[in-house]
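First up is the structure itself, then whatever we jot down about it.
Since every read-out is calculated from the coordinates, none of them should be taken as a lab result. What you see is a predicted model, and the numbers here were worked out from it, not measured in a lab. Glycine also receives a Cβ, built like all others from the backbone with ideal geometry; neighbour counts cover every protein chain displayed.
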Amino acid sequence: MSEEVTTRVQVRLTVDGTPVEQEVEPRLLLVHLLRDLLGSTEVAVGCDTSNCGACLVAVDGEVVKACNVLAVQARDSDVATLAHPELAGPAYEAAAAALPVDRLPCASCRGGAVFGVGEWVERGAPDGAAGVRRHLEGLLCRCGAYDAIVDAALEAAGTPAPARKEGGA
């Protein structure tokens with residue numbers, strides 16, 4: 001009988017401004033490093049299929065799905081989560097301010113929405129409401145608060161939100 005050998009890799013990175021050093025398995029996903037090993041509940045695991053966008057974070061200023069990045073790939077990087085979106089830049093700080101927890105009924109998509117909106121604002125907020133809807137196409141909002149997210153995106157970009165009929169989208 002052979003022994004199973006598990007190789008572990010030392011990973012150093014900065015998470016929300018705090019230096020972190022962790023020994024991990026090479027196949028560990030960044031989302032699991034952040035949540036399971038570092039205890040960051042600000043990063044959500046929404047689907048386990050990389051479809052929902054709930055796990056968006058900024059790695060060295062680039063918005064990525066933390067469920068699609070291995071922890072070893074984030075080595076020597078600066079990672080910003082919903083706990084400190086301002087570390088990713090002013091657009092992300094504006095998005096977080098426009099999307100407080102009480103603006104979304106369940107807030108399970110808030111992290112993904114903040115980083116997606118921040119990225120859209122950083123790119124110049126192209127095409128208004130239609131542009132933000134296209135940009136956030138992969139974001140799964142379990143409670144259907146898409147209009148609130150679009151309004152917050154427009155607010156973060158300094159654009160007035162469209163008037164809506166009561167109870168309508």
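Quick notes on this one:
- The set of residues in segment 24-68 being of a type in the set (A, V, I, L, M, F, W, C) and under 10 Å from GLY111 (Cβ atoms) consists of VAL43, ALA44, ALA54, CYS55, LEU56, VAL57, ALA66.
Listed here are the residues, each with its yes/no results for (1) buried (at least 16 other Cβ atoms within 10 Å of the Cβ); (2) under 22 Å from VAL59 (Cβ atoms).
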| site | (1), (2) |
| --- | --- |
| ASP127 | no, no |
| GLU137 | no, yes |
| LEU154 | yes, no |
| ARG164 | no, no |
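- Residues satisfying the stated conditions in segment 106-138, i.e. within 20 Å of PRO90 (Cβ to Cβ) and acidic (Asp, Glu): GLU119, GLU122
- In segment 83-92, the residues that are surrounded by fewer than 24 Cβ atoms within 10 Å (Cβ to Cβ) and either under 15 Å from VAL31 (Cβ atoms) or in contact (Cβ under 8 Å) with a residue 12 or more places away in the chain (or both): ALA83, HIS84, LEU87, GLY89, ALA91
- Scanning segment 136-160 for residues that are at negative phi and in a loop (DSSP other than H, G, I, E, B) gives LEU136, GLU137, GLY138, LEU139, LEU140, CYS141, ARG142, CYS143, ALA145, ALA157, THR159, PRO160.
- Taken over segment 112-152, residues that are among the aliphatic types (A, V, I, L, M), farther than 19 Å from LYS65 by Cα and touching a Leu at 6+ places or on another chain (Cβ under 9 Å) amount to 6.
- Any hit, segment 116-135, residues being touching a residue at least 40 places away in the same chain (Cβ under 8 Å) and in a loop (DSSP other than H, G, I, E, B): no
- Among (1) part of a loop (DSSP other than H, G, I, E, B); (2) out of contact with any strand residue (DSSP E or B) (no Cβ under 7 Å at 6 or more places or on another chain); (3) under 24 Å from TYR146 (Cα atoms); (4) of a type outside the set (A, V, I, L, M), the one test that GLU86 misses: (1)
- Residue match in segment 109-121 (condition: surrounded by 15 or more Cβ atoms within 10 Å (Cβ to Cβ), over 12 Å from the mean Cα position of the chain (by Cα) and closer than 15 Å to PRO85 by Cβ): yes
- Sole exception among (1) more than 16 Å from GLU42 (Cβ to Cβ); (2) in a helix (DSSP H, G or I) for TYR92, by number: (1)
- Residue ID - farthest from the chain's Cα centre (by Cα), chosen from residues in segment 95-107 that are surrounded by fewer than 19 Cβ atoms within 10 Å (Cβ to Cβ) and not in a helix (DSSP H, G or I): PRO105
- When the residues of segment 73-82 are filtered to those that are among the aliphatic types (A, V, I, L, M) and within 12 Å of the chain's Cα centre (by Cα), the one that is farthest from GLU25 (Cα to Cα) is LEU82.
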